[in-house]
1. Okay, which of region 37-66 sit inside 12 Å, backbone N to the point 7 Å along the Cα-Cβ direction of Ser20?
2. Just from the alpha-carbon atoms, what are the Rg and Dmax of the chain in angstroms?
3. What is the calculated FRET efficiency for Glu52 to Lys215, with r their C-beta to C-beta distance and R₀ = 25 Å, to the nearest 0.05?
4. Let's test the formula: R0 of 22 Å, r as the Cβ-Cβ distance of Val193 and Asn11. What FRET efficiency results, to the nearest 0.05?
5. Send over a whole-number figure in Å² for the accessible area per residue of region 88-181, probe 1.4 Å.
6. Would you kindly state how much longer the chain becomes between Lys264 and Ile240 on full extension, computed as 0.36 nm times their sequence separation minus their alpha carbon distance, in nm to one decimal?
7. Would you mind calculating the gained length between Phe62 and Leu107 on full extension (0.36 nm times residue separation, minus the Cα-Cα distance), in nm to one decimal?
8. In whole percent, how big is the carbon plus sulfur part of the accessible area of the chain, probe 1.4 Å, protein atoms only?
Amino acid sequence: MEPNWEEFYANQPKPSDLESSKKLLNDFVERYSDGHTRIALVTSGGTTVPLEHNTVRFVDNFSAGTRGSVSTEYFLEHGYAVIFMYRIKSLEPFSRHFTGQKFLDMLDLTERDGKPQLTVSETYSEDVAQALIKYKSALKQGKLFQLSFTTLSEYLWLLRAASQALAPLGKRVILYLAAAVSDFYVPSNEMSVHKIGSAVGAPKIALHLVPKILKPLVNLWVPKAFVISFKLETDENLLISKARASLNTYNHKLVIANMLQTRKQKVTMVDKDKDYVISLTNEQMNRGEEIEKYIIDDLVKRHEEFLSAKETS
Ligand code: 9Z3
């Protein structure tokens, strides 16, 4: 039986900084009560599920945060303001271009008046400058706001807070739910307080089902927004039918279906009436093109159509 989401929330520990996050969210949203700027909430990266209250071990998820961080850059290019809700240490917009580089290798030292001066190494300076220009411009215009989570419960509380803050902006809001969120968790009252020991043998850990949060999100929290979820599968035969089932259950606008193995090259956009593929050729991949550019181009058009459909916002 599917657990009740309200009971579930009541039992999830609240992040200690939830109130200050809510205030920052409201301040950000307030800036866009201008009636025209479009706003995207992008979730990115995977959630952890702690196995102990004093957490040493947890269940994690593979997501690197590429989809969310790249998409954020393209939403910004289209003039959207973006709330980027991401897993700490997963990829972030702009700085993602340098993740995986050795930080110190990107720097050089020169000397002026006998004092060491820090510069960016020539190999990186053009790329760093380009990323920095875009990043600083997004911040200066107040278009990018980042919020981070690690655990499933932090993610869920933040998602609810962000949705509720955005609700007054109605149809101008896109929710782009790319984070890979655990379907399973260990309830607080079944969790060991301290590090699980090995002396008594292998532990038996029962994972419970997380209720489907898309339900209250679509129906109650942001009923007017353009909500897009992602469906990830490893078995191609299940992908489209599961994406369609999700759409029929939650009644949101679109499911972007992708396979673990090919997610950077191919996605299927599934809506009520049709589905179609967006993909990159091998040549495009080799040139370093990113599929998110085409996904976001497509979404911006759809959002435009949605906004001009005759309904009050
Ligand atoms: C996705 O399917 C994302 O596209 C990826 C992106 C997580 C595959 P990366 O971060 O990967 O670029 O490495 N996100 C949603 C995954 C998910 O857990 N969806 C749930 C499901 O499929 C429903 S919300 O059941």
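1. The answer is none.
2. Rg then Dmax for the chain, in Å: 21.1, 72.
3. For Glu52 and Lys215, the calculated efficiency is 0.25.
4. 0.85
5. Ligands and nucleic acids excluded, the figure is 56 Å² per residue.
6. In short, 6.9 nm is gained.
7. Contour length minus Cα-Cα distance gives 13.2 nm.
8. Ligands and nucleic acids excluded, carbon and sulfur reach 51 percent.
The values are calculated or read from the model by the stated rules, or taken from the named source; none is laboratory data. None of these values were measured; they are calculated from a predicted model. Glycine also receives a Cβ, built like all others from the backbone with ideal geometry; neighbour counts cover every protein chain displayed. With ligands, DNA and RNA removed, areas are computed over all heavy atoms of the protein, side chains included. Shrake-Rupley method; radii C 1.70, N 1.55, O 1.52, S 1.80 Å.
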